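Report on the structure given below.
Read the figures in this text as sums done on the coordinates, not as results from a lab. The shown structure was predicted, so the numbers you read here are calculated from the model rather than taken from an experiment. Neighbour counts run over all protein chains shown; Cβ positions are idealised from the backbone, glycine included.
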Amino acid sequence: MNNKKKPVVGIIMGSKSDWTIMKNCCETLKSFQINYDVRVISAHRTPKRLEKFIKESKKKGIEVLIAAAGGAAHLAGVTASLTTIPVLGVPMESVVKGIDSLLSTVQMPAGVPVATFAIGKAGAINSALFAISILSIRYPDINKKLKKYRENFEKKVPKRPF
Ligand code: RP5
């Protein structure tokens with residue numbers, strides 16, 4: 001990547017209470033030296049902030065957006081309706097274990113896609129890895145790191161369960 005300081009991933013979450021899970025997303029991006037811009041933005045509580053952030057994202061050169069929300073989780077969907085930047089949705093755990101969040105995020109009408117990940121920590125990490133995968137098409141240094149990550153990952157899994 002040319003400009004090391006420029007954020008290329010935008011991460012938004014519906015509440016500060018989502019941070020304990022979403023910090024795993026940020027840590028994953030950080031481990032690949034990928035710059036991101038992280039904010040608390042809610043589709044319901046701060047709609048104006050959301051619109052402003054999306055407009056600025058395009059200008060700033062953000063290439064992927066990650067949106068995490070729980071319960072009536074409309075954040076990723078509303079984000080996708082306002083931009084053509086790819087939107088990755090992460091359902092947060094909730095009073096009904098995140099099933100509501102998952103369905104709210106994944107059940108988008110045809111025409112407005114949101115790539116939806118697993119509920120909670122696995123989704124937070126995988127959304128970052130998926131963003132990395134998207135960026136790896138354009139940036140050879142990221143592609144190299146991703147390949148290395150996959151190789152190391154394979155080495156860590158034992159061949160036998162005993
Ligand atoms: C959603 O409501 C947030 O994304 C969060 O997962 C959930 C609960 O928010 P708080 O009541 O903890 O602020 O908008």
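To the nearest 20 Debye, how big is the dipole of the stretch 1-160 about its Cα centre, given +1 on the beta carbon of each Lys and Arg and -1 on that of each Asp and Glu?
660 debye
Could you put F153, F53, F162 in order, starting from the residue whose Cβ has the fewest other Cβ atoms within 10 Å? Don't jump to the answer; show the numbers that get you there.
Details: F153 9, F53 21, F162 3.
Fewest-to-most ranking of F153, F53, F162: F162, F153, F53.
Over its Cα atoms, what ratio of radius of gyration to 2.2 N^0.38 Å does the stretch 51-90 give?
Numbers: Rg = 9.8 Å, N = 40, 2.2 N^0.38 = 8.9 Å.
Output field value: 1.10.
Give a residue-ordered list of calculated ³J(HN,Hα) values for the stretch 105-116 (Karplus: 6.51 cos²θ - 1.76 cosθ + 1.60, θ = phi - 60°; whole Hz; x for Gly, Pro).
Values, residue by residue: 7, 7, 8, 7, x, 4, x, 10, x, 10, 6, 10 Hz.
Quick check: from the Cα gyration tensor, does the stretch 76-162 come out rounded (a/c under 1.5), prolate or oblate? Numbers along the way, then the final one.
Details: a/c = 3.37, a/b = 1.35, b/c = 2.51.
It comes out oblate by the Cα gyration axes.
For the stretch 82-95, just list the computed ³J(HN,Hα) in residue order, Karplus coefficients 6.51, -1.76 and 1.60, θ = phi - 60°, integers in Hz, with x standing in for Gly and Pro.
Working through the residues one at a time gives 9, 8, 9, 5, x, 10, 10, x, 10, x, 8, 4, 8, 5 Hz.
From the helices alone, meaning DSSP H stretches of at least four residues, give me the mean residue ellipticity at 222 nm for the chain, per-run term -39500 (n - 2.57), in deg cm²/dmol to the nearest 500.
Values: 6 runs with 78 residues, N = 162.
About -15500 deg cm²/dmol.
With springs connecting C-alpha atoms under 10 Å apart, model the chain as a Gaussian network and identify which of E56, E27, E151 has the largest mean-square fluctuation.
It is E151.
Give me, ordered by chain and number, the residues 5 or more places off G70 or on other chains with an amide H under 5 Å from its own placed amide H.
G14, M92
Quick check: convex hull of the Cα atoms in the chain, volume per residue, rounded to a whole Å³? Please report the intermediate quantities before stating the final value.
Details: hull volume 20.9 nm³, N = 162.
Residue-normalised Cα hull volume stands at 129 Å³.
Using the per-residue mean of other Cβ atoms lying within 10 Å as a proxy for protection, in what order, highest first, do the peptides 73-79, 60-66 fall?
So the peptides 73-79, 60-66, ranked by packing, come out 73-79, 60-66.
Among K147, K23, K121, which one shows the highest mean-square fluctuation when the chain is modelled as a Gaussian network with alpha-carbon springs under 10 Å?
K147
Whole-Hz ³J(HN,Hα) for each residue in the stretch 63-72, computed from phi via Karplus 6.51 cos²θ - 1.76 cosθ + 1.60 with θ = phi - 60°, x for glycine and proline: what do you get?
Here the 3J(HN,Hα) series is 9, 9, 10, 10, 10, 10, 7, x, x, 6 Hz.
Quick one: give the max-minus-min coordinate of the C-alpha atoms of the stretch 1-86 along each principal axis, largest first, in Å.
That works out to 37, 28, 17 Å along the principal axes.
With respect to the cross-link table entries K23/K159; K5/K148; K16/K156; K16/K147, which display a Cα-Cα separation exceeding 28 Å?
Where the Cα-Cα span goes over 28 Å, the pairs concerned are K23/K159; K16/K156; K16/K147.
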